[in-house]
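What follows draws every value from the coordinates through simple rules; no lab data is involved. Every value quoted in this text rests on a predicted model; they were computed, and no experiment measured them. Quick reminder, even Gly has a Cβ in these numbers, built from the backbone with ideal geometry, and neighbours come from all protein chains shown.
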Amino acid sequence: MTDLSPTPTDTREATAAMADAGRMLHRLGLSPGTTGNIAVRAADGVLVTPSGARMGDLAGETMSLLAPDGTLLSGPRATKEAFLHLAVLRTRPDLHAVVHVHAPHITAVACLDSEDPDHPLRPHTAYIVRRLGGAPRLPYAPPGDESLRSEVERISASHPVFLLASHGSVCASASLADAVALTEELESAAQAQLALGALPVRALAADQQRVVEAR
């Protein structure tokens, strides 16, 4: 996959990388049908996948270019979930790429009635703690409902990986390649949690989690 610099990049380079990432997400089964979308901070705005696009069929010239306030600058109409991406990128100037998917196991975990929405992913491994940060779950809102914007801004300030209740996930990073990798890792962690089910499991204790977070 084409990697992206952690600084604003050439629009043509960014669109090519987004098409590449979309095909990878589709090939991995993380974006079935026309679900999921990607955004990348570029030199002249924010590139977002268009409404109704199939991730496996993305082409560079089909991306939507938005101003930070969501105004369409060029290209087709953007996904209705563009506000999610813009909220994260506005809150986190250190991050430059956002991936939102409805992957099967991620979505299943997002549908569970967890007693602790701040930690719907149990800390089974150091990797979950260090890379995914527990993936807190935001309250349910219909796809495209911008009333969720303030919650997205709040949670993304401290957690670049989070779940949307009964919906899917958002993974943000300084590069598109890493945002895709985080999405793949989140799906794997969700799959493991569902496989364990009600089995007795040894999760990392609080002091063990603190050691991992400090490294």
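Would you please calculate the Kirkwood hydrodynamic radius of segment 5-132 over all C-alpha pairs and express it in Å, rounded to one decimal?
Radius from the Kirkwood sum: 15.5 Å.
Please list 179-191, 122-134, 66-78 highest first by mean number of surrounding beta-carbon atoms within 10 Å per residue.
179-191, 122-134, 66-78
Report the relative contact order of the chain, percent, no decimals, based on alpha-carbon pairs under 8 angstrom and at least 6 residues apart.
Worked out over the chain, it gives 21 percent.
Treat every Asp and Glu Cβ in segment 11-214 as -1 and every Lys and Arg Cβ as +1, leave all other atoms uncharged, and give the resulting dipole magnitude about the Cα centre to the nearest 20 debye.
The calculation lands at about 180 debye.
Taking the Cβ-Cβ separation of Asp207 and Asp57 as r and a Förster radius of 30 Å, what is the calculated FRET efficiency to the nearest 0.05?
Computed FRET efficiency for Asp207 and Asp57: 0.05.
Have a look at the DSSP beta bridges in the chain and tell me what percent are antiparallel, nearest 5.
Of the beta bridges lying entirely in the chain, close to 90 percent run antiparallel.
Explain nothing, just compute: Karplus ³J(HN,Hα) = 6.51 cos²θ - 1.76 cosθ + 1.60, θ = phi - 60°, for every residue of segment 174-186 in order, whole Hz, x for Gly and Pro.
Per residue, the Karplus-derived 3J(HN,Hα) values read 6, 9, 5, 4, 6, 4, 5, 4, 4, 5, 5, 5, 5 Hz.
Please check which bits of segment 88-129 a label hung off Arg149 would reach, taking the label as a point 7 Å along Cα-to-C-beta and the cut-off as backbone N under 20 Å.
Residues 88-100 qualify, since their backbone N sits under 20 Å from the label point.
For segment 33-56, list residues with backbone N below 17 Å from a point placed 7 Å from the Cα of Leu194 toward its Cβ?
33, 35-36
What does the highest-first list of 22-34, 40-52 look like by mean Cβ count within 10 Å?
40-52, 22-34
So what are the radius of gyration and Dmax for the Cα set of segment 11-214, in Å?
Expressed in Å, the Cα Rg and Dmax of segment 11-214 come to 16.4, 53.
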